[in-house]
Amino acid sequence: MKSHKIALIPGDGIGVAVTEAAWEVLGRAGRGAGFALEGTTFPWSCDFYEKTGAMMPADGIETLRGFDAILLGAVGWPARVPDAVSLHGLLLPIRKAFVQYANIRPHRLLPGVEGPLRVRQFDILCIRENTEGEYAGAGGRVHGGTADEVAVETSIFTRKGVERILRFGFEQARRRRGKLASVTKSNAQKYSMVFWDEITARLATEYPDVAVSNYHIDAMAARMVIAPESLDVVVASNLFGDILTDLGAAIQGGLGYAASANINPERSAPSMFEPVHGSAPDIAHLGTANPIAAIWSGAMMLEHLGETAAAAAVLAAIEVATSRGIGTEPGKHSTKDITAAVLSALG
Ligand code: ATP
């Protein structure tokens, strides 16, 4: 039987329960579609940090490189380990080492889920540049602690980085409804964002079948609320994408539904799939974490692995569960009940 090797990093807090739920559903979907998922679990987390002094072993990246994909729960426990340590010790090194430059987040209102807006259609794929831009980490501080202190943080936009994320966006638009919205602030940022717009315009000539629109970030924020049905694929820089995807998650009903993938489109290294939410220490021991975001992220992993039928079956099962009112309100159903409803819909 065909099989895929998956590295599982459940992480902290609710990450553990939602990864377990996703894994159960994915295994069932695989058996139904005639393939196996071989999972290896890595306990890399804040617990691991407290025991060993590192979020993952020194050869962690090399270990992960041998897998077909990574499924991650959530990492972080700010009361015990500073976020900067947990983020810089695990997630960011993985994204960077494996050139996962496309962070993709589907924002869709599932049947039965009521978001905060009265929108009829909400189905957007946000693509966030994941490696450079405003979060490149280039900068410095001088004259610390004096009245003359200066902090500089420079955005980095490279031709290679901008072109590859936009190309990925065009490809995704081609596979969906054929519309690409490129988000910048090129009226105010006249170097980097004009550069981005120019590359968008040039690539558009290679994709005559994709309708391209350019929006400024502020106008896009409003459009996502007022006229989301006009949008299909939205591509943005690291910072703008970060903000828009939180908005997208809110409109789709909350973090319990927000799935994501960190993709290496060239497949030169494994891609990583994870729900957008964090470890949520406040509900970590209640057994009420909604596993739908994690299960959906798992469906994206199956899609990436070429198991499109199984991926579609998992999404359809999530929709059956939510259309029956399971997992549609915070805290109403337990993680186990929601997982059971998805499993039963999967058959
Ligand atoms: P971060 O790691 O980003 O700092 P966090 O772990 O503090 O985040 P988030 O995961 O961002 O918190 O979530 C904020 C709040 O939303 C949580 O504290 C929790 O109450 C709720 N929440 C998040 N994810 C879920 C989920 N899957 N099911 C139910 N509630 C959730």
Odd one out for P208, checked against (1) assigned to a loop (DSSP other than H, G, I, E, B); (2) within 27 Å of H304 (Cα to Cα); (3) touching a helix residue (DSSP H, G or I) at 6+ places or on another chain (Cβ under 7 Å) | (3)
For the stretch 80-99, pairs from a residue that is within 16 Å of T52 (Cα to Cα) and free of Cβ contacts under 8 Å to residues at least 12 places away in the same chain to a residue that is within 12 Å of the ligand (Cβ to nearest atom) and not in a helix (DSSP H, G or I), with Cβ under 7 Å and 6 or more apart or across chains, are none
Any chance S45 is among the small types (G, A, S) and in contact with an Asp or Glu (Cβ under 7 Å, 6 or more places away or on another chain) | yes
Inspect the stretch 142-155 for any residue being surrounded by 16 or more Cβ atoms within 10 Å (Cβ to Cβ) and modelled with pLDDT of 95 or more and give the result as yes or no.
-> yes
Please give the number of the condition R177 fails out of (1) in contact (Cβ under 8 Å) with a residue 12 or more places away in the chain; (2) assigned to a loop (DSSP other than H, G, I, E, B); (3) farther than 24 Å from N262 by Cα.
-> (3)
Condition check for A219: in a helix (DSSP H, G or I), in contact with a strand residue (DSSP E or B) (Cβ under 6 Å, 6 or more places away or on another chain) and farther than 28 Å from G278 by Cβ = no
Determine the pairs where a residue that is at positive phi, located within the stretch 281-292, has a partner that is at pLDDT 95 or above and near the ligand (Cβ under 9 Å from one of its atoms) with Cβ atoms under 6 Å apart, the partner being 6 or more residues away or on another chain.
-> G287/T335
At least 2 residues that are in contact with a helix residue (DSSP H, G or I) (Cβ under 7 Å, 6 or more places away or on another chain) in each: list the strands (runs of 3 or more DSSP E) lying fully within the stretch 114-174 that qualify.
-> 123-129, 133-142
Hits in the stretch 172-224 (condition: among the aromatic types (F, W, Y) and within 18 Å of G248 (Cα to Cα)) | Y215
Residue list for the stretch 266-287, restricted to those being surrounded by fewer than 18 Cβ atoms within 10 Å (Cβ to Cβ) and away from the ligand (no atom under 15 Å from the Cβ) | E266, R267, S268, A269
Criterion: within 14 Å of A29 (Cβ to Cβ), in contact with an Asp or Glu (Cβ under 6 Å, 6 or more places away or on another chain) and not in a loop (DSSP other than H, G, I, E, B) - qualifying residue of A316, A311, A299, A345 | A311
Qualifying residue in the stretch 250-261 (condition: under 23 Å from T154 (Cα atoms), aromatic (F, W, Y) and buried (at least 17 other Cβ atoms within 10 Å of the Cβ)) | no
Restricting the stretch 156-174 to residues that are basic (K, R) and closer than 26 Å to A259 by Cβ, which is surrounded by the fewest Cβ atoms within 10 Å (Cβ to Cβ)?
-> R174
Is it true that T200 is in a helix (DSSP H, G or I), among the polar types (S, T, N, Q) and either surrounded by fewer than 18 Cβ atoms within 10 Å (Cβ to Cβ) or over 18 Å from the mean Cα position of the chain (by Cα) (or both)?
-> yes
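The values are calculated or read from the model by the stated rules, or taken from the named source; none is laboratory data. Because the structure is a prediction, the values reported are computed rather than measured. Cβ sites come from the backbone with ideal geometry, for glycine too, and all protein chains shown count toward neighbours.
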